[in-house]
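Okay, structure first, notes after.
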């Protein structure tokens, strides 16, 4: 087999200088020099974003501001439009032309309606597009495709109580009983406060859709008509913090003065809404936040914002606004007695990366987020010199009638990730499948089984 030519010290020096010069050019010159985006006539918006209040209240405007700054715009302003939960962000380009971007935050469902009627260019959603919406918008292209569905951040639904409530953990089954009205007093749950007061987001909210799917529907319940409903996340949280008998659900950045409790689902342990557990999507009420950009919509600002949101600069803004960035980090996991022996050994000697690879529903194919995560993991492994036999992949799944089949399927999932990473030069220390061990969600519902079908990445 022919050997690769030796790399001389001079070759290394030339490559290093070239890399540094190119890097200086790329970082020293503003991005707008390479990809200046057009202004529009007068005050006509260059981009209209409609949808999730969770995204639109803070994260969406912050990402827009970051993009305007990256484009070199000056005199940046953010002001209300005169309509509740809407913002007008603007700046001036080098020619003195105004660039205006409108962010309207009235709930995830309104984003898809706005795409249909042409009143928005980009939909912000705190839950995946529904099958009915997907079918209704088929004329705009494949909105579930990799080029249309973009995961911009990870969030966790926090279950919040008044700070004086002594409860520290609840199961999703208990939550379903509480929010359906079946459980009526705190004393029945071991707490205090008398009759339970329910606080919930409104019907347009992706936060409510997520809660309805993960908690209510999975336990055959519906929301009690006595629940107080809110369009604003901040207002809901502040009301819970003032009411000793209250319970509500909210996106992670909006806990504010309320108290968040740990949540268990099925056989999983009770987990707090911590950064690491939400980043891996192990926390039972974790969720993804999306931008949906229809292939048929040709708006350069929409395309640029989607790309900026996925960039390291965009993900830094995600973290700054209180959501969970998708930047890969190594996490030390404390071994516990309920872990399988080989998993305990791994936890003792290695670190887990803050990402789980998951798969399309009913498929062995990696989902849209995983394709971005492959590159993020590769960047981490290269930057930390862990390409050569320092990586372990562990596959997991849901129970099967034959445990050996569950173990095989879980290992095959790990092999799918191995194949993609090996293409870029990763040499693995070990690849294994642990079947239905260590569930992070209940296997009684399909969305729980999907969460349990995952691949973890560990590094030595």
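The values are calculated or read from the model by the stated rules, or taken from the named source; none is laboratory data. Not measured: the values here are computed from a predicted model. FYI the Cβ positions are ideal-geometry reconstructions off the backbone, even for glycines, and counts take in every protein chain you see.
Identify, please: which residue in segment 257-277 is in contact with a helix residue (DSSP H, G or I) (Cβ under 8 Å, 6 or more places away or on another chain) and part of a loop (DSSP other than H, G, I, E, B) and is, among those, farthest from residue 398 (Cα to Cα)?
Among those that are in contact with a helix residue (DSSP H, G or I) (Cβ under 8 Å, 6 or more places away or on another chain) and part of a loop (DSSP other than H, G, I, E, B), it is 257.
Please go through segment 228-237 and pick out each residue that is surrounded by 21 or more Cβ atoms within 10 Å (Cβ to Cβ) and either more than 25 Å from the chain's Cα centre (by Cα) or at pLDDT below 95 (or both).
Within segment 228-237, 233 is the sole residue that qualifies.
Among the residues of segment 399-451, write down those that are under 30 Å from residue 220 (Cβ atoms) and in a helix (DSSP H, G or I).
Of everything in segment 399-451, those that are under 30 Å from residue 220 (Cβ atoms) and in a helix (DSSP H, G or I) turn out to be 403, 405, 406, 409, 410, 413, 446, 447, 448, 449, 450, 451.
Can you name the residue in segment 187-217 that is more than 30 Å from residue 130 (Cα to Cα) and modelled with pLDDT under 95 and, of all such residues, is surrounded by the fewest Cβ atoms within 10 Å (Cβ to Cβ)?
190
Residue-wise test of (1) surrounded by fewer than 19 Cβ atoms within 10 Å (Cβ to Cβ); (2) under 20 Å from the mean Cα position of the chain (by Cα).
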site: 346; (1), (2): no, no
site: 358; (1), (2): no, yes
site: 382; (1), (2): yes, no
site: 395; (1), (2): no, no
site: 398; (1), (2): no, no
site: 402; (1), (2): yes, no
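Against the conditions (1) closer than 21 Å to residue 270 by Cβ; (2) touching a strand residue (DSSP E or B) at 6+ places or on another chain (Cβ under 6 Å), where does residue 188 fall short? Just the number, please.
So residue 188 meets the others, but not (2).
Rundown of residues vs (1) surrounded by fewer than 21 Cβ atoms within 10 Å (Cβ to Cβ); (2) over 20 Å from the mean Cα position of the chain (by Cα), yes/no style:
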position: 226; (1), (2): yes, yes
position: 239; (1), (2): yes, yes
position: 244; (1), (2): yes, yes
position: 247; (1), (2): no, yes
position: 267; (1), (2): yes, yes
position: 275; (1), (2): yes, no
position: 281; (1), (2): no, no
position: 285; (1), (2): no, no
position: 291; (1), (2): no, no
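If you take the residues of segment 360-375 that are surrounded by 19 or more Cβ atoms within 10 Å (Cβ to Cβ) and in a helix (DSSP H, G or I), which of them is nearest to the chain's Cα centre (by Cα)?
369
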